[in-house]
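Coordinate-derived values only; no laboratory data. These figures come from a predicted structure and were not determined experimentally. Virtual Cβ from ideal backbone geometry, glycine too; neighbours counted across all protein chains shown.
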Amino acid sequence: MADHLVEAVNVTKAFGHHEVLKGIDLTVDRGEVVCLLGPSGSGKTTFLRLINQMETLTGGRIRVDGELIGFKEVKGRLHVRRDADIARQRARIGMVFQRFNLFPHKTALQNVIEAPITVRRKSRAAATAQARTLLETVGLADRADYYPAQLSGGQQQRVAIARALAMEPELMLFDEPTSALDPELVGEVLTAMRDLAAHGMTMIVVTHEMTFAREVADRVVFMDDGVVVEAGAPDEVLLHPQEERTRTFLRRVR
Ligand code: ADP
């Protein structure tokens, strides 16, 4: 087993001439919850999308469980992975977005069982049993047969979390999962995430929820303009930031 579940080394990403990530080094251990903070445009989403191969990196390396993401090393040379191999790697990572992206014409339950049946080739009965358990875990046992339009934003986001968990990922990525929600619905989604963290899930969470970061994160990473400015225990970074850029950001979000 690799030392770190996620290991990013000198990761760069450019869109055309615009260098969005300028050399990110970051490791995440198994069971660790890491919150990524930073101003809009600092590259947080791009970093998550690189881990999940929704973008390809420009330079550097990302390994998940010791395995290079997107590339294969053969005799010291890098080869781009085949699509099936990339799909296999992506299936090990769950991602929850700002927008819930549920299939509108499927019920909560049907949304959750879709990937396990089509990708994992699970039987409908097994997938359904698992989905019911997951919906119960996120507090939605009684909403299994509702369509997304019949659910609140907070409930939809919890279905999205259950759907990601149905693939039994070893890593969960959250990209501002509560920022599209009405304030009164934020708490229920954070509670579901807290439970997940308490059960030992490895999580990277892009968020502006400072209370969540303080209470749940093992480590907080502050990014600005494509670099990691400061990283450490939540109380260190959030209460005693060493860098002026971190202090300026924290003053603005509080
Ligand atoms: P954050 O999540 O910290 O707000 P992002 O990773 O979304 O930051 O964006 C970082 C920068 O990369 C922004 O300037 C954004 O406009 C740019 N960017 C993100 N995705 C693309 C893309 N597909 N094409 C061009 N520029 C992009």
Task: Point-charge dipole on Cβ atoms (K/R +1, D/E -1) for the chain, about Cα centre, debye to 20 - done: 980
Open item on the list: Let me make sure I get this right: for region 10-57, a, b and c are the square roots of the gyration tensor eigenvalues over alpha carbons, sorted descending. Under 1.5 in a/c it's rounded, otherwise prolate if a/b > b/c, else oblate. Which is it?
Closed with: prolate
Open item on the list: Which of the three applies to region 13-87, rounded, prolate or oblate, going by the alpha-carbon gyration tensor with a ≥ b ≥ c and a/c under 1.5 meaning rounded?
Closed with: oblate
- [ ] Report ³J(HN,Hα) in whole Hz for each residue of region 156-169, in order, from the Karplus equation J = 6.51 cos²θ - 1.76 cosθ + 1.60 where θ = phi - 60°; Gly and Pro get x.
- [x] 4, 5, 5, 5, 4, 5, 4, 5, 5, 5, 5, 8, 6, x
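As a footprinting exposure proxy, order 117, 161, 24 by other Cβ within 10 Å, with the fewest listed first.
Working: 117 17, 161 26, 24 23.
Going from least to most buried by this count: 117, 24, 161.
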Open item on the list: Which one, 166, 206, 227, projects farthest toward the positive side of the charge dipole computed for region 96-254 from Cβ point charges (K/R +1, D/E -1)?
Closed with: 166
Task: Pairwise centroid distance, computed over Cα atoms, of region 63-77 with region 145-191, Å - done: 32
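Take the alpha carbon atoms of region 161-254, find their radius of gyration, then divide it by 2.2 N^0.38 Å using N residues; give the quotient. Could you put the intermediate results ahead of the total?
Working: Rg = 14.0 Å, N = 94, 2.2 N^0.38 = 12.4 Å.
Working it through for region 161-254, the quotient is 1.13.
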Open item on the list: Skipping prolines and chain starts, which residues have an amide H placed within reach, meaning under 5 Å, of the one on residue 55, given they are 5 or more residues away or on another chain?
Closed with: 50
Task: the chain: relative contact order in percent, alpha carbon pairs under 8 Å with at least 6 residues between - done: 25
Task: Beta bridges by DSSP in the chain, antiparallel share as percent, to the nearest 5 - done: 60
Open item on the list: If you average the C-alpha positions of region 89-110 and of region 15-42 separately, how far apart do those two centres end up, in angstrom?
Closed with: 23
- [ ] Find which of 141, 178, 95 sits farthest along the positive direction of the dipole of region 59-183, computed with +1 on the beta-carbon of Lys and Arg, -1 on that of Asp and Glu, about the Cα centre.
- [x] 95
TODO: Can you tell me the relative contact order of region 60-210? Whole percent, Cα pairs under 8 Å, sequence separation 6 or more.
DONE: 26
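Can you tell me how region 209-254 classifies by the Cα gyration tensor, rounded, prolate or oblate, using a/c under 1.5 as the rounded cut? Intermediate results must be reported in sequence, preceding the final value.
Values: a/c = 1.60, a/b = 1.30, b/c = 1.23.
Since a/c reaches 1.5 and a/b is larger than b/c, the shape of region 209-254 is classed as prolate.
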Task: Size descriptor, Kirkwood hydrodynamic radius, that averages inverse alpha-carbon separations across the chain, Å - done: 18.9
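Based on DSSP H runs of at least 4 residues, each adding -39500 (n - 2.57), what is the mean residue ellipticity at 222 nm of the chain after dividing by all its residues, to the nearest 500 deg cm²/dmol? Walk me through the intermediate numbers first.
Values: 8 runs with 87 residues, N = 254.
Calculated at 222 nm, the ellipticity per residue is -10500 deg cm²/dmol.
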Task: Nearby lysines by direct alpha-carbon distance to residue 13 (threshold 22 angstrom, same-chain neighbours under 8 apart not counted) - done: 22, 44, 72
TODO: Calculate, for residue 215 and residue 129, the FRET efficiency according to 1/(1 + (r/R0)^6) with r their C-beta to C-beta distance and R0 30 Å; round to the nearest 0.05.
DONE: 0.40
